[in-house]
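Each remark here refers to the structure printed beneath this line.
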Amino acid sequence: MSLDARVIDALPSVEANLNYLIPTREKPFRYTYEPSPGTAADNTSYAPHRFRIHDARQVGARVSLDDEGFALVKHRSAVRNFYDDAEVRQVYYPEAQRLLIEATGAVKVHVFDHTLRRRAAERRRNRLTSVRWESCVSE
């Protein structure tokens, strides 16, 4: 069931800038390693666009991939230490694969990367802000 504007507007929200790639004539690139001397690491520029971002947790059961383009799924990970890359790969990757297969009906999901994001330097050892995972879904 799709949400109407009144329901969305009533959700808690924040205003934030999201940076969008500025179009260029060249194909954009960004090296994920140190390029050879004299070679630019990327050719991209971004422009901020201000958006209102809503907290959809209150209506999580009412959103769907088909209607809103996203879904909220509750999941408690078995990962004990998100700072341990090996544990994240061995435990979290299969969890993410199962969740995506169940949510989308995909035949196969391949998780290929994760990024650990931390708060301020003085809290790095103790506080985890989020773990982002990217996946490639194929049929």
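Structure values in brief
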quantity	calculated
The range 72-96 - residue that is assigned to a loop (DSSP other than H, G, I, E, B) and among the basic types (Lys, Arg) and, of those, surrounded by the fewest Cβ atoms within 10 Å (Cβ to Cβ)	ARG76
Filter result for the condition that a residue is among the small types (Gly, Ala, Ser), surrounded by 11 or more Cβ atoms within 10 Å (Cβ to Cβ) and in a strand (DSSP E or B), over ALA16, ALA103	ALA16
Test: residue in the range 20-40 that is within 25 Å of LYS74 (Cβ to Cβ) and loosely packed, with under 11 Cβ neighbours inside 10 Å	no
Condition broken by ARG62, with the remaining ones in (1) outside the structural domain of ASP9 (by TED's automatic domain parsing); (2) touching a residue at least 12 places away in the same chain (Cβ under 8 Å); (3) of a type in the set (Lys, Arg) satisfied	(1)
Residue in the range 59-71 that is closer than 23 Å to PRO12 by Cα, part of a helix (DSSP H, G or I) and small (Gly, Ala, Ser) present	yes
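The values are calculated or read from the model by the stated rules, or taken from the named source; none is laboratory data. In this text the structure is predicted, and so the values were computed from the model without any measurement. Counting neighbours? That spans all protein chains shown, and the Cβs are built from the backbone with ideal geometry, glycine included.
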